[in-house]
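The values are calculated or read from the model by the stated rules, or taken from the named source; none is laboratory data. Values in this document were obtained by computation on a predicted structure and should not be read as measured data. All Cβ positions, glycine included, derive from the backbone under ideal geometry; neighbour counts span all protein chains shown.
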Amino acid sequence: MIITAMVNILQTILATGSHLLSDDHMTSWQDLTISVQQGVASHLLTAVEKNSFARADLSTSPQTFVVDFSNIGMRQNLLSFSCQQGAA
């Protein structure tokens, strides 16, 4: 199912971010310039945002998604709503 695949992608994105911030990789992370760190963080957040909007567009019912890695935690609530056009 496409929603399951999208959740797996989101988990991979968050796991990657957590991995980059782990103690084992902190020296490598700190060796990067601030602008490179900001770029990496920005790309990861943009990927999370795009994934979340895509899942919300495909969702047919409210859902809660919780992930907790060693360095990143996230709770996301997808709400169900309908939009009626032409209502006066």
>> So, in the stretch 40-65, exactly how many residues are in contact (Cβ under 8 Å) with a residue 24 or more places away in the chain, in a loop (DSSP other than H, G, I, E, B) and either of a type in the set (V, I, T) or over 22 Å from I2 (Cβ atoms) (or both)?
In response: 0
>> When you scan the stretch 18-28, do you find a residue that is surrounded by 14 or more Cβ atoms within 10 Å (Cβ to Cβ), more than 17 Å from I2 (Cα to Cα) and modelled with pLDDT under 90, even just one?
In response: yes
> Just wondering, is there one or more residues in the stretch 31-39 that are touching a residue at least 12 places away in the same chain (Cβ under 8 Å) and within 16 Å of the chain's Cα centre (by Cα)?
Replying inline: no
